[in-house]
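Note sheet for the following structure.
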Amino acid sequence: MKTSYPILVFAIIFLFFIQAAGTLVESIYILDLMNSNLDEKVLGVLFFFTPILLIPLYKKFPRGLVWISFAILLLARGLLPHLNTANRVLASGLSTFAVLSLFFLLLEAKPKDDVEAKTGLWGSAGLGLAVSLSVLLRTVDYGLDYSLTPAGGWVGWGLGLCLGWLLTQLEVGSEAASAEKKNGSVTSASLGLFLILTLAWFAFSAPAVIARWTEGSYTLIVITISLFSVGWVLLSLNRLQLFEWISPRGLLLWNLLFTLCLTATILAHRVPFPPTPDSAPVVVTTPGLFAQILLALTLLLFPVIFLDMRLFLNQIRNASPAPRDLLPGILLGSTALVLLIFAHIFTNVWGYIEPVSPFFRGKFWLSYFLMTAIVTLLVQRAKRTESAFEKISAGSFHWGWAVLLLAIFLVTAVTALPKERVQVGATDRSSLVVMTFNTQQSNDDFGKKSFDEQLALIRRASPDILALQESDSTRISLNNNDYVRCFAENLGYYSYYGPTTVTGTYGTAILSKYPLLNTRTVFTYSDQDEIGTAEAEIEVSGHRFTIYNVHPDGSDTAMLVFAKTLLERSKDKPYVIALGDYNLRDYEEAYQLIDGVYTNAWVSVYPSKISADGVDMSGENRIDHIFVSPTLGVRNPIYVLVPESATDHAVHWAEIFWENP
């Protein structure tokens, strides 16, 4: 059983890297989101380079550095869920430094009294276990990593203490460098390791990411990734000879197909945005069969990343590099990682970081293509030596692994199943409560995570229809947290995510107590943020209501195009509810166009724009509106102001009523 210790060590290290790196980027993004620009806080990405600070000491104090790194990691990772956003930058940065340092310090570690380090095997299986654990932690908490929430903080401490005990069972120390210098292979292999870890972090450790790219079945995606990940660990432990069947050409072909399928999967959901104000809007509906086939192929092929991890680790192991030989690879890998982070984020904020970011508009696919294509080139470049894949006969398989892996998969699969929806009557209703909520990716006006407060506010209003803006948090800039899923599952609502993350919008999701019909997203001309309006329909008491969740932004021209498109698309609908963050005041032309056709919920009850209890919405800050068809009545409109709204916007809801025939 002791031969399994390194697998568990690598699994915890990889899992902690994914969590620490994700929290670091998220925390920097949230703080800069408050200012809508980059400032000195972005220098926090330099934590990815900090492992090089220890390289001069690797040879003299390997064991001491391991325990220093572990102590930093245990404390920083343990405290992470309980800190505010500013302090999370430091804690996650220190965790990133410590976990990367541990990874490189342990490349030649092995269980005590073991003859040879099987680094490639252990690291490959460890990555599979780390991905399956990450999927589990995110599935049990409906799209959030349970261990990064205050309630689940004990998981981080527990895994950290487990890591500490496992380290006591390993021999740590650098072996003599190989007489044959292979610095080039060490550098390329180190770059490959960084790219594999980055790909696992960006996508496969959080299946909700892929579900939001593709509008695919969340349950099937989660089950597939979990099954293949635990299956890889099982295969690594029990059927090692199978790896010898994979030729260099076969591995290269596998990587090439994975690169093509992953890139094509994303491109299949790319939107040709209207290029001019006169261009027709683009309507996106349910993905076609071809897009679903590409998704299935991507999921079937993704385990190649585990085999690539094994190849790159063995390259480094075979070279037996001196500590200084690791320096170029760590610098190159860290640089690539940081550039990929910016490339990914700039696809969403392309209108704000000129002159660089506009290039990335519509190029969400680019960072994934670069990662997988470079890995494919590195695999092709790697020379297949006799020990590139260790020739290890299958040993005795401990039953404890079977229990652990089966438990991980079963819990993941069960918690990924659709939850029961709230039961409401669809007949004999004469009113609906509708609510618009710009959640600012579930952060309040001070940059503090406010999911629980927002959920409590929604429960207080108990809306039949809930429109969320700035809900596109299933991206690395928000640590891949799927707050839409979390809201929907906690409330028991049906949901439509709206424009996918591939399109680079800020999210217009629709949640409902009633099944959502004919869901689609409409894109209009934009020159700063992509303008994607989510549309859906519901049936209540024999009436068909059309819901529009809006979040336009940009120049006056873009706003006018949006307003005219909204009116054109809704003109033949008998019951319209158009709500959201309009970014429009009542003196602006686009607002007046809409107000000339539809009824503003607040103003229809309070013409002075000041409520009976003194809530004054007559100023500049009233940009979140509910508009309804003139045939619908409004009562009890409410605004909850900042900071009670737990976001940076006022939250608005109202009761919409009608007369049944």
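Each value in this text was obtained by applying a stated rule to the coordinates, not by laboratory testing. Note that the structure is a prediction, hence the values are computed from the model and not measured. As a convention, Cβ positions derive from the backbone with ideal geometry for all residues, glycine included, and neighbour counts pool all protein chains shown.
When the dipole is taken about the Cα centre of region 431-657, and only Lys, Arg (+1) and Asp, Glu (-1) are charged at their Cβ, what size is it in debye, to the nearest 20? Spell out each step's value before the answer.
Numbers: 17 positive and 31 negative charges, 137 e Å.
Its charge dipole is roughly 660 debye.
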Original post:
What's the center-to-center distance, using Cα atoms, between region 394-435 and region 114-170 in Å?
Top reply: 21
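What number comes out for the charge environment of Gln423, summing +1 per Lys or Arg and -1 per Asp or Glu over other residues with Cβ under 15 Å away? Display every interim value, and only then the final one.
On the way: positive: Lys419, Arg421, Arg429, Lys513; negative: Glu420, Asp428, Asp464.
Its environment carries a net charge of +1.
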Subject >> Computed FRET value (nearest 0.05) for Leu257 with Asp452, which takes r as the C-beta separation and R₀ as 30 Å >> reply: 0.10
**OP:** Provide the packing ranking of 145-158, 599-612, 321-334, i.e. peptides ordered by the mean count of other C-beta atoms within 10 Å per residue, highest first.
**Re:** 321-334, 145-158, 599-612
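If I stretch the segment between Asn238 and Leu75 completely, what's the gain in nm (0.36 nm per residue apart, minus their alpha carbon distance), one decimal?
Details: separation 163, 0.36 × 163 = 58.68 nm, distance 3.55 nm.
Computed gain between Asn238 and Leu75 is 55.1 nm.
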Subject >> Derived scalar couplings ³J(HN,Hα) [region 102-109; Karplus, 6.51 cos²θ - 1.76 cosθ + 1.60; whole Hz; x for Gly, Pro] >> reply: 4, 4, 6, 5, 9, 4, 10, 6
Original post:
For helix 62-79, what angle does its Cα long axis make with the longest principal axis of the chain, in degrees from 0 to 90 and rounded to 10?
Top reply: 20
Original post:
What angle do you read, to the nearest 10 degrees and between 0 and 90, between the alpha-carbon axis of helix 119-140 and the longest principal axis of the chain?
Top reply: 20
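Show that you can apply the helix-only estimate: for the chain, add -39,500 (n - 2.57) for every DSSP H stretch of four or more residues, divide by all residues, and state [θ] at 222 nm to the nearest 500. Could you put the intermediate results ahead of the total?
Numbers: 19 runs with 306 residues, N = 661.
Only helices count here, giving -15500 deg cm²/dmol.
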Original post:
Can you tell me the Rg and the Dmax, both Å, for the Cα atoms in region 431-657?
Top reply: 16.0, 44
**OP:** Only residues of region 104-133 count here: report those whose backbone N is under 12 Å from the spot 7 Å along Cα→Cβ of Gln169, or say none.
**Re:** 111-112
Subject >> From phi via Karplus (6.51, -1.76, 1.60), per-residue ³J(HN,Hα) for region 344-354 in Hz, x at Gly/Pro >> reply: 5, 5, 5, 5, 9, 10, 4, x, 10, 10, 6
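Determine the percent antiparallel among the DSSP beta bridges restricted to the chain, to the nearest 5.
Values: 47 of 58 bridges.
So the antiparallel bridges in the chain amount to around 80 percent.
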Original post:
Could you give the nm distance between label points at Ala426 and Asn87, where each point is 7 Å from its Cα heading toward the beta carbon?
Top reply: 4.9
Original post:
Using 7 Å Cα-to-Cβ label points, what is the Asp527/Asp595 separation (nm, one decimal)?
Top reply: 2.4
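Shape verdict for region 252-355, please, from the Cα gyration tensor: rounded (a/c under 1.5), prolate (a/b greater than b/c) or oblate. Before the final figure, lay out each step's value.
On the way: a/c = 4.92, a/b = 1.59, b/c = 3.09.
The shape class here is oblate.
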Original post:
Amide H of Asn438: which non-local residues (sequence gap of 5 or more, or other chain) have their own amide H closer than 5 Å, using H built in the peptide plane?
Top reply: Gln469
Original post:
Dipole size in debye (nearest 20) for the chain around its Cα centre, Lys and Arg Cβ +1, Asp and Glu Cβ -1?
Top reply: 2620
Original post:
How much length, in nm to one decimal, is gained on full extension between Ala612 and Leu46, taken as 0.36 nm per residue of separation minus their Cα-Cα distance?
Top reply: 198.5 nm
Original post:
the chain: percent of C-alpha pairs farther apart than 44 Å?
Top reply: 24
**OP:** Could you work out how far helix 556-570 tilts from the main Cα principal axis of the chain, as a 0 to 90 degree angle to the nearest 10?
**Re:** 70
Original post:
Scanning the chain for GluC sites (Glu not before Pro) in DSSP loops with at most 14 other Cβ atoms within 10 Å, what's the longest stretch left with none?
Top reply: 181-385
Subject >> Karplus 3J(HN,Hα) series, Hz, for region 10-23 with 6.51 cos²θ - 1.76 cosθ + 1.60 (x for Gly, Pro) >> reply: 5, 4, 5, 4, 5, 4, 5, 4, 4, 6, 5, 5, x, 5
**OP:** Obtain the nm distance between the two label points defined at Thr219 and Val283 by a simple spin-label model: each point lies 7 Å from its Cα along the Cα-to-C-beta direction.
**Re:** 3.0
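Let me check I've understood the local charge: for Ser608, count other residues with C-beta under 15 angstrom from its C-beta, Lys and Arg +1, Asp and Glu -1. What total comes out? Numbers along the way, then the final one.
Numbers: positive: Lys609, Arg622; negative: Asp586, Asp613, Asp616.
Result for the neighbourhood of Ser608: -1.
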**OP:** Name the residue farthest towards the positive end of the dipole of region 1-158 from the options Ala117, Gly22, Ser92, assuming +1 on Cβ of Lys and Arg, -1 on Cβ of Asp and Glu, about the Cα centre.
**Re:** Ala117
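When Lys and Arg each count +1 and Asp and Glu each count -1, what net charge do the other residues less than 10 Å away from Ala558, Cβ to Cβ, add up to? Before the final figure, lay out the partial values.
Details: positive: none; negative: Asp527, Asp529, Asp553, Asp556.
Residues near Ala558 contribute -4 overall.
Calculate, for Val356 and Leu161, the FRET efficiency according to 1/(1 + (r/R0)^6) with r their C-beta to C-beta distance and R0 56 Å; round to the nearest 0.05. Write out the running numbers ahead of the final one.
Details: r = 43 Å, r/R0 = 0.77.
Once the sixth-power term is evaluated, E becomes 0.80.
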